[in-house]
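Structure first, then comments.
We did not get these values from a lab; they are worked out from the coordinates using the rules stated. None of these values were measured; they are calculated from a predicted model. Note: ideal-geometry Cβ built from the backbone for every residue, glycine included; neighbour counts use all protein chains shown.
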């Protein structure tokens, strides 16, 4: 098993804060617009697209980091990487998946006014994947018993 980059109780705290900050930022512009304050339209669209654009390199980096850890011998699955199933402490799971859930709820409530908002949950979910790729703890990949060339 590859050791996570940092094992303290504050491992990846900046990722957790960034995810909650992204949810707060979207909420501050999307809710007033959804309630009829048209002055927030441009900000709501810009924040939605901006947060989505930020999420793209986060997802790419998380994926590449996970591939590297898999190549080094860790058994990483989608559920353990992005949903932190068994790979992260409960507090981390609650925060990162909570941020994603709150974001989805806010988007569901505001999507009629700002359809671009449906892109916003990509950032907190990508943040969970990033935390899992950097700090997650995974079991070693099982040996393939000398097989070559794929499954038989």
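Points worth noting:
- Counting only helices (runs of 4 or more DSSP H) that sit completely within region 51-152, those holding 1 or more residues that are in contact (Cβ under 8 Å) with a residue 24 or more places away in the chain and over 20 Å from residue 11 (Cα atoms) correspond to 90-110, 122-135.
- Filtering region 5-46 to residues that are buried (at least 20 other Cβ atoms within 10 Å of the Cβ), part of a helix (DSSP H, G or I) and either in contact with a strand residue (DSSP E or B) (Cβ under 8 Å, 6 or more places away or on another chain) or in contact (Cβ under 8 Å) with a residue 60 or more places away in the chain (or both) leaves 15, 16, 19, 22, 23, 26, 30, 33, 44.
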